[in-house]
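As structure tokens, the structure follows; a few thoughts come after it.
The values are calculated or read from the model by the stated rules, or taken from the named source; none is laboratory data. Quantities reported herein were computed from a predicted structural model and do not represent experimental measurements. Cβ sites come from the backbone with ideal geometry, for glycine too, and all protein chains shown count toward neighbours.
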């Protein structure tokens with residue numbers, strides 16, 4: 001078992017993190033190049049908060065404005081109650097962990113971890129005690145005399161974390177720190193980061209483009225798109241109730257459909273497609289054509305077209321176009337008569353999968369609460 005798993009969880013009174021506030025922050029580079037526009041949110045003290053989005057969306061620029069390596073063109077950045085917008089990087093009680101770790105190659109692991117404390121002029125005894133504690137918590141004690149070139153990627157990652165946390169920062173800033181690791185090691189380090197966060201109570205501000213990583217680690221996530229925040233919510237809300245087509249498509253796999261001329265039937269919107277096919281969604285405040293989404297794992301695949309379906313469930317017929325086995329689940333793409341297609345994720349041991357092949361005519365169905373209404377269809 002990881003030694004991190006045995007560390008105590010920080011109590012509210014023991015939490016050392018500070019809140020981070022972005023007060024209407026923008027960052028521009030020259031005329032017309034807006035990296036970040038009117039970002040306005042607060043990271044709570046002790047929270048694991050992620051900035052998620054594609055390359056070039058502004059998430060790293062946002063992080064660097066907390067570290068002090070970028071200065072906002074407008075707005076303020078606060079750490080706790082202190083305005084740090086113009087504070088020099090060295091005077092900010094935060095630490096930044098990079099993807100490439102930025103370790104000193106000529107120093108041992110112990111010296112790398114101790115470097116920041118020595119620069120601050122701490123007493124030798126305190127430096128030794130804090131370094132020993134950091135190496136123990138990160139399972140690096142046996143590696144203290146090695147140099148970075150003698151370490152694996154995961155070990156170098158832990159050295160970078162130890163070097164950052166030994167300074168007891170008010171916030172730890174992490175810029176895609178797991179991006180250079182292979183899939184298995186990345187997942188192991190995700191678990192360690194989660195345990196480390198719970199044990200220290202430090203505020204974590206985390207940048208990633210990996211949706212699964214953000215969902216796994218975060219208390220809340222801000223999804224960024226073209227310099228702005230599209231949605232800020234907890235992982236479950238982002239996944240199950242996306243507020244935009246961009247968020248629905250970026251967070252996991254989502255099927256986007258349009259309810260044409262929906263009728264109100266009791267507590268549901270119903271769009272009749274003909275021949276028994278229909279799309280059903282919970283009622284909303286929106287009117288007219290509605291953009292809706294349904295997740296692939298919420299759809300049930302019936303191996304025949306004439307399968308019976310519950311009255312208020314969405315149901316559509318289609319033809320199987322692709323069947324992709326991915327281990328525990330199988331992904332099935334079904335072409336609809338409308339020219340659209342739906343992706344369905346079924347457990348690979350489902351007996352109904354054995355009855356279908358490419359070209360099979362099938363029926364799909366899902367419950368009304370599995371359909372999420374994003375909003376009116378956007379004008380072209």
Practice prompt. Would you point out the residue of region 18-45, among those that are assigned to a loop (DSSP other than H, G, I, E, B) and modelled with pLDDT under 95, that is nearest to residue 233 (Cα to Cα)?
Written response: 18
Worksheet item: Is at least one residue of region 147-166 part of a loop (DSSP other than H, G, I, E, B), surrounded by fewer than 22 Cβ atoms within 10 Å (Cβ to Cβ), outside the structural domain of residue 82 (by TED's automatic domain parsing) and under 32 Å from the mean Cα position of the chain (by Cα)?
Response: yes
Worksheet item: Is there a residue in region 299-319 that is under 15 Å from residue 375 (Cα atoms) and within 31 Å of the chain's Cα centre (by Cα)?
Response: no
Discussion item. Please count how many residues of region 221-251 are within 21 Å of residue 187 (Cβ to Cβ) and crowded, with 16+ Cβ neighbours inside 10 Å.
Written reply: 6
Item to complete: Determine if region 175-184 includes at least one residue that is touching a helix residue (DSSP H, G or I) at 6+ places or on another chain (Cβ under 6 Å), surrounded by fewer than 16 Cβ atoms within 10 Å (Cβ to Cβ) and farther than 24 Å from residue 63 by Cα.
Response: no
Worksheet entry | Selection from region 134-146 of residues that are at pLDDT 90 or above and either more than 20 Å from residue 188 (Cα to Cα) or exposed (fewer than 15 other Cβ atoms within 10 Å of the Cβ) (or both) | 141, 142, 144, 145, 146
Discussion item. List the strands (runs of 3 or more DSSP E) inside region 168-261, counting only whole elements, that have at least 3 residues being in the same structural domain as residue 48 (by TED's automatic domain parsing).
Written reply: 171-175, 203-208, 220-225, 228-233
Worksheet item: For residue 105, are the conditions met, namely being surrounded by 13 or more Cβ atoms within 10 Å (Cβ to Cβ), touching a residue at least 40 places away in the same chain (Cβ under 8 Å) and over 22 Å from residue 233 (Cα atoms)?
Response: no
Worksheet item: Could you say which residue among 344, 362 is surrounded by 15 or more Cβ atoms within 10 Å (Cβ to Cβ), farther than 21 Å from residue 239 by Cβ and in contact with a strand residue (DSSP E or B) (Cβ under 8 Å, 6 or more places away or on another chain)?
Response: 362
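Return yes when residue 339 is in a strand (DSSP E or B) and surrounded by fewer than 15 Cβ atoms within 10 Å (Cβ to Cβ) and no when it is not.
No: the conditions fail for residue 339.
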Item to complete: Considering (1) in the same structural domain as residue 19 (by TED's automatic domain parsing); (2) at pLDDT below 90, say which one residue 79 fails and leave the rest.
Response: (2)
Item to complete: Scan (1) on the phi < 0 side of the Ramachandran plot; (2) in contact with a helix residue (DSSP H, G or I) (Cβ under 6 Å, 6 or more places away or on another chain) for the single condition residue 68 breaks and write down its number.
Response: (1)
Fill in: Candidate set: region 28-43, residues that are in contact (Cβ under 8 Å) with a residue 60 or more places away in the chain and within 12 Å of residue 205 (Cβ to Cβ); chosen: the one nearest to the chain's Cα centre (by Cα)
43
Worksheet entry | Residue tally, condition part of a loop (DSSP other than H, G, I, E, B) and either touching a residue at least 60 places away in the same chain (Cβ under 8 Å) or exposed (fewer than 14 other Cβ atoms within 10 Å of the Cβ) (or both), over region 275-298 | 9
